[in-house]
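What follows is a single structure, written as structure tokens, with notes after it.
The values are calculated or read from the model by the stated rules, or taken from the named source; none is laboratory data. These numbers were taken from a predicted model, which means no experiment stands behind them. Please note: Cβ atoms are built from the backbone with ideal geometry, for glycine as well, and neighbour counts cover all protein chains shown. For the accessible areas, the whole protein counts, side chains as well, though only heavy atoms, and no ligand, DNA or RNA atoms are used. Shrake-Rupley method; radii C 1.70, N 1.55, O 1.52, S 1.80 Å.
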Amino acid sequence: MKNSKWLLLVLAMLLSAVLVACSGDDDTTEQNDGDNNTENQGEEVEKASIGEMMSNENFRKAIAKGFDKQQFINIVYGNDSIPTNAFVPRDFVQHPETGEDFQQGDEALAFDVEAAQEHWTTAKEELGFDEVTISFLSGDTTVSKDISEFFKTELEKNLEGLTIESVNVPWSQQLEIMDAKEYELTFSGWGPDYKDAVTFVDLWTTDNPNNDIGYSNEEYDALVKAAGTELALKPVERFEALQEAEKIALEEAAIAPVMQRKASVLSKPYVTGMDALNPFGPDYSYKYVNVDKDEKVLNLSATAEIPSMDPALPTDNVSFQYLDSVYEGLYRIGQGGVIESGVADKDATEVSEDGLTYTFHLNEDAKWSNGDPVTAHDFVYAWQRAIDPATASVYGEYLLSGKVVNATEIYNEELAPEELGVSATDDHTFVVELLKPVPYFDSIAAFPTFVPLNQEFVEAQGENFALEADTMLYNGPYALTEWDTGTNGSWVLSKNDQYWDKENVALDAINVQVVKDQDTRLQLYQEGTIDRVGLSGTQVDANKTSPEYASLSEMVVFWLKFNQDSVN
């Protein structure tokens, strides 16, 4: 989700490539086979496209090994983030019998300038170039610009003939470019959608809608598929199959892992409920945040605008954080990542003996912000809408296809959305039929894509649904009462008086202002305008001794992505 999905920061841009040919051979340019193409070096090779370069294993390995990850952390973040050579984070999941961590300490893509330069020389011979210019987009915040400048400086220094052109665009535009796969090289992060290694490992399967790098490996696909089918109820074999799949992708440099992030923050002492980040799902559960002062208002800054508040559409952690605050699904993510009752009573949920049927019993006191009751029919509509191909929901297809009865056929336009394996047996009973046991289905029941929607209201709004604060209905702890959607916008979350559990919501409001300059955010905190601020670079060392400083562990991994499908 923190996609990142489970996406977090996403960086991308399409620019034309500049290539200068050198000796080589047409037959030596093959996708995903860079290490095997060194024959016929005396013959002329037609210059390769950027997509062909990104598909070359030596090209990818040169970039992956060509920069110092610890130096990147020191310069850009200045905090306790951890260099990594894997894409499943440390301390996320453990072996079901031995308790050993999933992360195996693989060094296949560790920083090694000499090895990087050897891969680079081989890639030049295989692909027929002496010089190449590739695009790298950073966001329009100060930290994002520092990121692009680091990679430009280090990779150009270590890989002769490489030029990186950096471009800055707003967050929402970055997402659009990524969705269209119109990028070349990008830095992005992913946070888990649920507490299972597969939320990271299945990202790069050939048919995963989140696979925006064009990577494909049959053995990798087979291992991930087995983890979701014949090994689903064999935890040891499943765990080891996912480890082997990760190893394959790392050995081929499908992506270039960079770091497991830690957050460095300053927080006013009167703020409670934000002293730790959730291990998956939204960063914080605002339902439980409080301020120990007379005015029960939390003031925050954000580095980016909200890309979308339509529950079916987002793939980013900014949107998911606020969807989680104004909507409530069957379950919700509580503090520390504990899955707890939402609209449905978790303790009352019935699961069939074969694990294929879930029967959820809804809270009869749950209401929409206009006073209408939340019913099982609202869940049926929302789930059908999420899998309807006309909605174009990435997570609807990702989390329902192959799991819920008829979801795949609906997304492939072979059946109508009404044929999805969900039903309302009465106003307060919602039933889901699965094709196979899903070990993490409780997390899907808490995922923002699958919150209820009032069909009559959504259809009355038409194309305006979720574009403004007053074109949504809310059933969560808060309602979005103000929303300036500009690139330097702001929004206000106000306590939802119709929320069934409002007695346990301490805050009256949360005010959020987009501030893209890091120094300005820190100044606002020091002036008392905002109650919490993230730190980076030299700000970390300057504030580490403050009693208001904290370093928070995250299960978010950042990496470089190579677009093997680039049309350039």
> Quick one: ASP519 ticks every box in (1) in a strand (DSSP E or B); (2) open to solvent by 60 Å² or more (accessible area, probe 1.4 Å) bar one, so which box is it?
Replying inline: (1)
> Of LYS157, LYS152, which residue is modelled with pLDDT of 95 or more, surrounded by 15 or more Cβ atoms within 10 Å (Cβ to Cβ) and over 20 Å from the mean Cα position of the chain (by Cα)?
Replying inline: LYS152
> Counting just the residues of the stretch 170-221 that are of a type in the set (Gly, Ala, Ser) and open to solvent by less than 20 Å² (accessible area, probe 1.4 Å), which one comes out farthest from ASP140 (Cα to Cα)?
Replying inline: ALA197
> Quick one: which of ASP497, ASP541 is part of a helix (DSSP H, G or I), open to solvent by 10 Å² or more (accessible area, probe 1.4 Å) and not aromatic (Phe, Trp, Tyr)?
Replying inline: ASP541
>> Just to be sure before I move on: is THR315 of a type in the set (Ser, Thr, Tyr), under 28 Å from LYS436 (Cβ atoms), out of contact with any His (no Cβ under 7 Å at 6 or more places or on another chain) and assigned to a strand (DSSP E or B) in the structure I sent?
In response: no
> Is one or more of the residues making up the stretch 435-450 in contact with a Ser or Thr (Cβ under 9 Å, 6 or more places away or on another chain) and acidic (Asp, Glu)?
Replying inline: yes
> Would a scan of the stretch 174-181 turn up a residue that is modelled with pLDDT of 90 or more and outside any loop (DSSP other than H, G, I, E, B)?
Replying inline: no
> Being closer than 14 Å to GLY329 by Cβ, among the polar types (S, T, N, Q) and out of contact with any His (no Cβ under 7 Å at 6 or more places or on another chain), is that true of even one residue in the stretch 381-399?
Replying inline: no
> Within the set of pairs 6 or more residues apart or between chains, which connect a residue that is closer than 10 Å to LYS47 by Cα inside the stretch 121-134 to a residue that is basic (Lys, Arg) with Cβ atoms less than 9 Å apart?
Replying inline: LEU127/LYS47; GLY128/LYS47; PHE129/LYS47; ASP130/LYS124
>> Looking for something farther than 24 Å from MET54 by Cα, part of a loop (DSSP other than H, G, I, E, B) and open to solvent by 60 Å² or more (accessible area, probe 1.4 Å) - is there at least one such residue anywhere in the stretch 545-565?
In response: yes
>> Being out of contact with any strand residue (DSSP E or B) (no Cβ under 9 Å at 6 or more places or on another chain) and assigned to a helix (DSSP H, G or I) is the requirement here; does GLY396 meet it?
In response: yes
> Within the group ASN504, ASN464, ASN511, which residue is surrounded by fewer than 17 Cβ atoms within 10 Å (Cβ to Cβ) and under 23 Å from LEU277 (Cβ atoms)?
Replying inline: ASN504
> Is there a residue being part of a strand (DSSP E or B), touching a helix residue (DSSP H, G or I) at 6+ places or on another chain (Cβ under 7 Å) and open to solvent by 10 Å² or more (accessible area, probe 1.4 Å) anywhere in the stretch 380-391?
Replying inline: no
> Looking only at residues in the stretch 246-259 that are within 20 Å of the chain's Cα centre (by Cα) and assigned to a helix (DSSP H, G or I), which one is nearest to GLY355 (Cα to Cα)?
Replying inline: GLU246
>> So in the stretch 402-416, with the set limited to residues that are on the phi < 0 side of the Ramachandran plot and touching a Pro at 6+ places or on another chain (Cβ under 9 Å), which one is least open to solvent (accessible area, probe 1.4 Å)?
In response: ILE410
> Hey, does the stretch 124-141 have a residue that's outside any helix (DSSP H, G or I), under 30 Å from ALA232 (Cα atoms) and open to solvent by 10 Å² or more (accessible area, probe 1.4 Å)?
Replying inline: no
> Just wondering, is there one or more residues in the stretch 296-316 that are within 17 Å of ALA382 (Cα to Cα) and either more than 23 Å from the chain's Cα centre (by Cα) or basic (Lys, Arg) (or both)?
Replying inline: no
> Hey, among LEU323, LEU298, which residue is in a strand (DSSP E or B) and either touching a Lys or Arg at 6+ places or on another chain (Cβ under 9 Å) or of a type outside the set (Gly, Ala, Ser) (or both)?
Replying inline: LEU298
> Residues of the stretch 281-295 being in contact with a helix residue (DSSP H, G or I) (Cβ under 9 Å, 6 or more places away or on another chain), open to solvent by 10 Å² or more (accessible area, probe 1.4 Å) and assigned to a loop (DSSP other than H, G, I, E, B), which ones?
Replying inline: ASP283, TYR284
